[in-house]
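Encoded as structure tokens, the structure appears first; notes follow it.
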Amino acid sequence: MSEKKGADRRDRKSGSPPRRGRIDLRGLTLTEIEQFVSSLGEPRYRADQIAAWVFTRGVRGFEEMTDLPRALRERLARDAKIARTEVIERELSAIDGTEKFLLEYNDTARIEAVVLRDGDRTTGCISTQVGCRWGCSFCATGTMGLKRNLTAAEIVEQILALRRNIAPERLGNIVFMGMGEPLDNYDDTMKAIVIANAPWGLEIGARRITISTAGVVPGILRLAEEDLQLNLAISLNAPVQRLRAEIMPIAGKYPLNELIDALAKYTKRRGRRITIEYVLLQDINDSPEMASMLADLADKLPCSINVICYNETKKAAYAPPTDKTVERFLALLRARCPTVVRRISRGSDIAAGCGQLCADDGQSR
Ligand code: SAH
Ligand code: SF4
């Protein structure tokens, strides 16, 4: 499933760098970089210099670290590495400025990452896995199956790749709504978030970081105990177990009642609202009864609801509802729920919308 997991995995909490293989500096915390430089017999301040090169400047090679002595650069090149991506394709939406990047890692694994623009707010939609194991029936990523997890270093590099390519525009927000299920790759996703959030890292405020999950219950309970004030979004998509299990196989493993219990615990523990995401599929989950059951469910949780129309994908046999049906659904919800937002699909002309990301054979959709 995952390349070089043994050598490259670190325990986020213990903070000890791996013993074998070349350490990927893009996936280390400042403390771990300090431990690494001290294991090379170098003074502590070298760690600050290296962190600045790897995270703030986002360099792609050791030769660029011009304030380090040449002997140290050569030593680093031998003992360490820096995750890299190549931009294979870059597409800009003529409709709304959404930009989609097809990125390739060293082992030729490919993922898609998206830049969303809204006024002066720029958001990176980030992938955590190559593919996804859950195979939701409406989602293009699901058709790929799971190829492998991304490492923390690779996730950080993905954010840096977007930053490099859109500079001087600032990427101030990130949402883990790209390919994959972030809570199935918990440790590496959280470590990437710690690095993205840190003052010595990418300096993205925790409140500007959103994790989206299809409902991995143990992951939600674990997330409730984290120190960071992240945003959590739940891809609900059906307010009843039977329908949910039909369109989202994950509901077979983590049934709706267990998911709602976990979310109630999460919101209580964090004292924060969550976001419920609901993709409208024509004649499947767009009836007034569904709206009413969704409102019942939302009554139980401090939440806002984002409703989005189905984006067409090549393999799924669904259609988006008509505008009239969408408006009827929203009106019913709004009568009962305080915060309901109709999300407009972005980048639909370049297949960069939710659920359209798929990098199989480098082909979208
Ligand atoms: N696996 C996580 C993270 C990926 S986010 C999750 O599912 O939450 C992908 C988002 O796009 C999810 O909210 C999903 O419900 C939505 N989505 C998937 N396919 C879609 C489609 N064809 N049209 C619109 N949204 C879709
Ligand atoms: Fe995976 Fe999320 Fe797509 Fe479902 S919606 S297949 S969980 S990426």
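One table, with the values for the structure above:
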{"read-out": "Average accessible surface area per residue within segment 86-362, 1.4 Å rolling probe, Å²", "value": "39"}
{"read-out": "Carbon + sulfur, % of accessible area of the chain - ligands and nucleic acids excluded, 1.4 Å", "value": "49"}
{"read-out": "Probe 1.4 Å - accessible area at ARG117, Å² to nearest ten", "value": "50"}
{"read-out": "Ellipticity estimate at 222 nm from DSSP helix runs (n ≥ 4, -39,500 (n - 2.57)) divided over the chain, nearest 500", "value": "-9000 deg cm²/dmol"}
{"read-out": "Sequence of CYS139, CYS354 when ordered by accessible area, the most exposed leading, probe 1.4 angstrom", "value": "CYS354, CYS139"}
{"read-out": "Accessible heavy-atom area order of ILE284, ILE95, highest first, probe of 1.4 Å", "value": "ILE95, ILE284"}
{"read-out": "Vicinal HN-Hα couplings computed from phi for segment 184-193 (Karplus, 6.51 cos²θ - 1.76 cosθ + 1.60; Hz; Gly/Pro x)", "value": "7, 10, 4, 4, 5, 5, 5, 5, 4, 5"}
{"read-out": "Neighbourhood net charge (11 Å Cβ-Cβ; Lys/Arg +1, Asp/Glu -1) for CYS309", "value": "-1"}
{"read-out": "Label-point gap, in nm, between ARG328 and GLU289 - each point 7 angstrom along Cα→Cβ", "value": "1.4"}
{"read-out": "Accessible area expressed per residue, segment 23-81, with surrounding protein chains retained (probe 1.4 Å, Å²)", "value": "45"}
{"read-out": "Trypsin sites (Lys or Arg not before Pro) within segment 254-324: DSSP coil, no more than 12 neighbouring Cβ in 10 Å", "value": "LYS300, LYS314, LYS315"}
{"read-out": "Virtual paramagnetic centre 7 Å along Cα→Cβ of ALA335, amide N under 17 Å, in segment 291-308", "value": "291-299"}
{"read-out": "With Cα atoms, 0 to 90° folded angle of helix 288-299 axis to the chain main axis", "value": "50"}
{"read-out": "Cα shape, segment 23-81, gyration tensor, a/c 1.5 rule", "value": "rounded"}
{"read-out": "Of all DSSP beta bridges in the chain, antiparallel share, percent nearest 5", "value": "45"}
{"read-out": "Theoretical FRET efficiency, 1/(1+(r/R0)^6), r = Cβ-Cβ of GLN35 and GLU203, R0 22 Å, to 0.05", "value": "0.50"}
{"read-out": "In degrees, nearest ten, helix 152-166 long axis to first principal axis of the chain (Cα)", "value": "80"}
{"read-out": "C-alpha center-to-center spacing [segment 79-105, segment 143-203] in angstrom", "value": "12"}
{"read-out": "Cα shape, the chain, gyration tensor, a/c 1.5 rule", "value": "prolate"}
{"read-out": "Heavy-atom SASA rank of GLU327, GLU226 (probe 1.4 Å, accessible area, largest first)", "value": "GLU327, GLU226"}
{"read-out": "Rounded, prolate or oblate (a/c below 1.5 giving rounded, otherwise prolate when a/b exceeds b/c) for segment 146-293 by Cα gyration tensor", "value": "prolate"}
{"read-out": "Spin-label model distance (nm) - LYS265 vs ARG121, 7 Å beyond Cα toward Cβ", "value": "3.1"}
{"read-out": "Angle between the chain longest axis and helix 70-79 axis [Cα atoms, degrees, rounded to 10]", "value": "50"}
{"read-out": "Alpha carbon centroid spacing (whole Å) that separates segment 248-305 from segment 316-353", "value": "16"}
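The values are calculated or read from the model by the stated rules, or taken from the named source; none is laboratory data. Remember, predicted model here, so these are calculated numbers, not experimental data. Quick reminder, even Gly has a Cβ in these numbers, built from the backbone with ideal geometry, and neighbours come from all protein chains shown. In case anyone asks, the SASA skips ligands and DNA or RNA and just uses the protein heavy atoms, side chains included. Shrake-Rupley method; radii C 1.70, N 1.55, O 1.52, S 1.80 Å.
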